[in-house]
1. Please arrange Thr85, Thr469, Thr204 by counting, for each residue, the other beta carbons lying within 10 Å of its beta carbon, fewest first.
2. Taking the Cα centre of the chain as the origin and placing charges on Cβ (Lys, Arg +1; Asp, Glu -1), which of Tyr332, Pro30, Ala279 is farthest toward the positive end of the dipole?
3. Quick one: Cα centre-to-centre distance for the stretch 122-154 and the stretch 70-97, in angstrom?
4. Let me see the P(r) profile for the stretch 18-162: every Cα-Cα distance counted, bins of 5 Å, each bin given as a percent of all pairs.
5. Roughly how tilted is helix 30-42, in degrees to the nearest 10 and between 0 and 90, from the longest Cα axis of the chain?
6. Please state the relative contact order of the stretch 268-310 as a whole percent: Cα pairs under 8 Å, 6+ residues apart?
7. Can you tell me what share of the DSSP beta bridges in the stretch 186-290 is antiparallel? A percent to the nearest 5 is fine.
8. Quote the charge dipole size of the stretch 518-626 about the Cα centre in Debye, to the nearest 20; the model charges only the Cβ of Lys and Arg (+1) and of Asp and Glu (-1).
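Just so it is clear, none of the values below were taken in a lab; they were calculated from the coordinates. As the structure is a prediction and not an experimental result, all values here were calculated from the model. All Cβ positions, glycine included, derive from the backbone under ideal geometry; neighbour counts span all protein chains shown.
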Amino acid sequence: MVCQLFWVVVLLAITRVGEAKQNAGSLCNPSDLKGLIDFKAGIHVDTSGRLAKWVGHRCCYWEGIRCDNQTGRVTEIRLAGFISTNDFLFQSEMRGLLSPSITLLSTVGVIDLGGLVGLTGTIPPAIGSRLPKLRKLYLYGNMLSGPVPDSIGKLSKLEELHLHENRLSGSLPSSLGNLRNLNQLLLYSNQFTGLIPDSFTNLTNLMHLDLHGNALTGQLPVKIGEMQAMEKLDLSNNLLEGNIPLSLTNLNSISELYLDGNHLEGAIPFPSSSGQMSALGFLRLNDNHLTGRIPQNFGYLVSLQRVSLANNKLEGAIPSSLGSLSALTELYLNANLLSGQIPKSISQLSRLILLNISHNLIQGPLPSEFSSLENLQTLDFSFNRLKLVSFPKWLSEMPSLSKIYLAGCGIRGKIPEFLRATPSPIQELDLSANHLTGSLPAWLGSLTQLYSLNLSRNFLVSGIPDSVTNLQHLGVLDLNSNRLTGPISKVFEIGNAFPDGSLTYIDLSNNNFSGGVEQLGIGAQTGMQYLNLSHNFLIGRVPSSIGRLKSLQTLDLSYNKFGSKIPEALANVSSLERLKLQKNQFTGNIPVEFLKLKKLLELDLSDNFLVGEIPMGKPLSEFPESSYSGNKGLCGKPLAPCNS
């Protein structure tokens, strides 16, 4: 009997514990419930439909909410914008105000409201005081504004803070340096200003720091190299100045370092010895004001895969030690003051895919050993002092080379025919600013994979061959400043087999082209963004089909003999930013519909035969007198008033 009574008591105890747990999970803690209900009330659009299911008081069963089984308190809010299932990936959106009541969830460890696009408001000022257990905070990809509150430095357990891609502003609080457990800090693409706090060097567990795309100023913290755990550091596209700290050489775990797009100056200080920064695979120092030479020790960075030192003021010879970077796939040294010859050791980089040394002071000859770079796809030696005279035939025999840029290299003679039979089909070819003569060869039409062709600023004399219509993938065609003649009709037949055409950029200016354009299929190239036919001998009416070029941003028909009225259909090109029609024979009124061209930044209608009053209003009234001068019949702002 005693034994039976014992088991009855045990069973009752177990039942009561189970009921207690069930009750804990079924009824939401009042503080948690208010925080969640207030959050829902601040959202007026939820394309995911998740918040519509938040009804009743059992919040632990709501979608996106997780609770502790013992206490029933909310531990996680996961309402990220991207919803992934086995069948699809859906980008949802929540529009509304982030309620400060979110801080009532005092036991929450994870808040994920990232990528909701339409979430506005500020980060609650009391977030650091009221959420002591918070480990991960994701608010990225929204429209949050205002500062990062100073109280955030009290979140002692915080491991990941993702606030990127918002509209946050102000200075970075030095209290962020108190977050000793932080390993990810992503603040990029905001509007932060001021200095990077020195306290950041206290974040010794930080592995990923990304502040790019703000307006941070001043110098990098001198002791930044003490952040030993750092694997990725991105401070690009800010306003940072001063020298690169020597302490960076202590970052032995770093694999990605991006300091590009700043105002950094002085020499590149790393590495100073073998073994330093041995894990560094991706390095961007481009678009700064760096001076001095590329260190000979650069060859110690044995893990480098991609490196860009472009657009600085580096000088001297390219160090032969770069040939030791066996993992290198992309090398950008363009737009510097580098001189001497290209070292033959570069030919040892068997994995190299892209090499850009353009806009330097490099001298020839080019090392023929480069022909061994069997994986090289893109090569740019443009605008150096190479004085090649002829196109190197061995370049056309490289097995993977498909993008060739040799602009301004002193090449003479005809376009070499061996380019029609390269091992890898040519996709981009730039031989501009050379001394090429002769005609545009008919075999150009056999380069069927060609996307970009630039033969501008040469001495070519011929018409455009019919075969160019075979270039179905051509997107960029630049033939400006040659001596080309005849009609331009074939150009506008390129890519017409595609629904929207393929050409996005056409420059045929400064030639001797003639004939009309009224019958051309201009309107078929609806993806075109840039069209320049200026300084030719084109005549007749501009067809109204030009109004179908919905993507057009620049249209230059100046210095021709176009006549008749300016087509009203141009007003349909709402993306137009630059319109140049000067020095023609246009007649009639300026279409009043041009007032719809709200993006227009540059307008020149001077030296035509236009008459009547300039349509009053923006943007037409805001352009200077020079935009309309030389039309004796025009009047109205900004010209003299019209006579009543």
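1. Neighbour counts put them in this order, fewest first: Thr85, Thr204, Thr469.
2. Selected residue: Pro30.
3. 18
4. With 5 Å bins starting at 0, P(r) equals 2, 10, 19, 23, 21, 14, 8, 2, 0, 0.
5. On a 0 to 90 degree scale, this one is about 20.
6. 56
7. Of all bridge pairs located within the stretch 186-290, approximately 0 percent are antiparallel.
8. 300
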